[in-house]
Ligand code: DX5
Ligand code: ZN
């Protein structure tokens with residue numbers, strides 16, 4: 001599978017999102033990563049479904065929505081209707097409803113992703129792999145952009161790759177998010193990652209084109 005870059009708009013200029021998305025599109029990005037935070041699951045608040053709905057009108061890039069919220073179940077429908085292409089939620093949020101939430105997402109032709117925080121072991125993902133389109137391995141504690149990549153999370157990539165092999169899920173996206181730059185991206189892709197989220201490295205770069213390309 002070709003590696004997909006998903007620039008996180010968390011580090012973009014929120015007053016000019018259409019322009020910011022155009023800049024990453026011109027640089028070759030195919031997805032846009034939208035970080036949704038509720039000030040409860042993580043200690044920060046960002047944006048919600050209305051912003052996804054507005055972005056849907058101005059871009060044909062895939063909207064890769066990362067829900068860092070305590071009750072994803074309550075809000076999935078809003079994010080589907082807003083035009084999300086991929087919805088990823090956290091395993092830690094509503095543990096007993098995980099499969100129901102995945103099915104809710106998939107019932108609408110939207111790709112379903114499941115994410116784990118750095119302290120959550122990969123074992124918890126295994127039973128869900130057959131139903132998933134994407135697994136997001138957090139390589140920082142979710143909540144803020146610009147943090148340092150946690151190398152101790154790298155082994156998890158190999159674990160998920162092995163699960164994908166066991167279940168013959170050749171088209172599973174294995175994504176990492178947090179502290180991704182040209183160096184950490186290489187470490188992750190070598191281990192089997194095929195989707196890279198990067199915020200500060202891309203939007204903080206002087207030359208956004210070479211920043212996006214340097215991740216590949
Ligand atoms: C963090 C978010 C990330 C964030 C990554 O909780 O999920 O998507 O934007 O930012 P960088 O790439 O700067 O670490
Ligand atoms: Zn994210």
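The values are calculated or read from the model by the stated rules, or taken from the named source; none is laboratory data. No experiment lies behind these values; they were computed from the predicted model shown. Heads up, the Cβs are rebuilt from the backbone with ideal geometry, glycines too, and the neighbour counts pull from every protein chain shown.
Put simply, of 90, 108 the only residue that is under 15 Å from residue 134 (Cβ atoms) and in contact with a helix residue (DSSP H, G or I) (Cβ under 8 Å, 6 or more places away or on another chain) is 90. The number of residues in segment 174-215 that are at negative phi, within 15 Å of ligand 1 (Cβ to nearest atom) and in contact (Cβ under 8 Å) with a residue 12 or more places away in the chain comes to 26. From the list 162, 152, the lone residue that is at pLDDT 95 or above, away from ligand 2 (no atom under 16 Å from the Cβ), exposed (fewer than 15 other Cβ atoms within 10 Å of the Cβ) and within 17 Å of residue 118 (Cβ to Cβ) is 152.
Filtered by the rule that a residue be more than 18 Å from the chain's Cα centre (by Cα) and closer than 18 Å to residue 182 by Cα, segment 2-35 gives a lone residue, 27.
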